[in-house]
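Reading through the structure tokens given below for one structure.
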Amino acid sequence: ANVSFKINQGEKVGIIGRTGSGKSSLQKLILNYYEPTGGAILVSNTDINQIDPTDLRRNISYVPQEISLFDGTVRENIVLGTPLATDEAVLEASRIAGIVDFMNSHPQGFDLNVGERGGRLSGGQRQGVAITRAIINRATIVVLDEPTASIDNTAENQFKEYFAEYIEDRTLLLVTHKASMLSLVDRLLVLNEGKLVADGPRDEVLRALAGNST
């Protein structure tokens, strides 16, 4: 991979590219799940290797593409990393993630058991629980990998409305293949075979891509 860029505090950045271009790997490098083979990753001008991985991940809200839920209640899955979270915090994060209406309408509410690997929930509901779990710590950096892949357009529009308000003063790094999700970002990075081939204002990059595809 050959990628060099800087993200300023509060920026909303989208990452797009073909399957296998390095989008998810780039996110995992930022989270220190992978070590770079060359160069450096800086967070607030500090080399990522100088930051305790636990502290780093505590300050990043991360939703991976592969959702991992355990056999327990919805609430237990949400507060996995924040066991002291209040009911109010759970409700607010669930509202932003778009699952609060479903939880309130279900007889068991947040005590609903999700089943093995979340098998009792739909794909969209599993994503909603994962987003709730990620943002309940209210970290200043939010990293999302295809966060709405399993939900319909109506649910996605509602999520974007609440989420745009939530990230107003936060830094967002969004991997998506959905053009509709790009309304959340101002800047776009385009990866191809591990290389950064475009970086600029969202609309300018999209226009350039459209011109190249005709």
Sort through Ser25, Ser94 and tell me the only one that's in a helix (DSSP H, G or I), under 27 Å from Val205 (Cα atoms) and of a type in the set (Ser, Thr, Tyr). Ser25
Mind listing just one residue for me: the one in segment 33-90 that is of a type in the set (A, V, I, L, M, F, W, C) and assigned to a helix (DSSP H, G or I) and, of those, farthest from Phe110 (Cα to Cα)? Ile48
Residues being within 16 Å of Glu66 (Cα to Cα) and in contact with a strand residue (DSSP E or B) (Cβ under 9 Å, 6 or more places away or on another chain): count how many of those fall in segment 115-143. 6
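Give, as residue ranges, the strands (runs of 3 or more DSSP E) completely inside segment 120-214 that count at least 2 residues that are among the aliphatic types (A, V, I, L, M) and open to solvent by less than 20 Å² (accessible area, probe 1.4 Å).
The qualifying strands (runs of 3 or more DSSP E) are 141-145, 171-175, 187-192.
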Taking the condition over 21 Å from Tyr62 (Cβ atoms) and acidic (Asp, Glu), does Glu146 pass? no
Here is a list: Arg18, Arg58, Arg95. Which entry is under 18 Å from Lys195 (Cβ atoms), in contact (Cβ under 8 Å) with a residue 60 or more places away in the chain and out of contact with any Phe, Trp or Tyr (no Cβ under 6 Å at 6 or more places or on another chain)? Arg18
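Quick check on segment 1-32: of everything there that is open to solvent by 70 Å² or more (accessible area, probe 1.4 Å) and at pLDDT below 80, which residue is farthest from Ala208 (Cα to Cα)?
Ala1
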Check whether at least one residue in segment 63-74 is in contact with a strand residue (DSSP E or B) (Cβ under 9 Å, 6 or more places away or on another chain), open to solvent by 40 Å² or more (accessible area, probe 1.4 Å) and more than 19 Å from Val143 (Cβ to Cβ), and report yes or no. yes
Since Leu112 meets every condition but one in (1) within 24 Å of Arg57 (Cβ to Cβ); (2) at pLDDT 95 or above; (3) open to solvent by less than 40 Å² (accessible area, probe 1.4 Å), which condition does it not meet? (1)
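The values are calculated or read from the model by the stated rules, or taken from the named source; none is laboratory data. Note that the structure is a prediction, hence the values are computed from the model and not measured. As a convention, Cβ positions derive from the backbone with ideal geometry for all residues, glycine included, and neighbour counts pool all protein chains shown. With ligands, DNA and RNA removed, areas are computed over all heavy atoms of the protein, side chains included. Shrake-Rupley method; radii C 1.70, N 1.55, O 1.52, S 1.80 Å.
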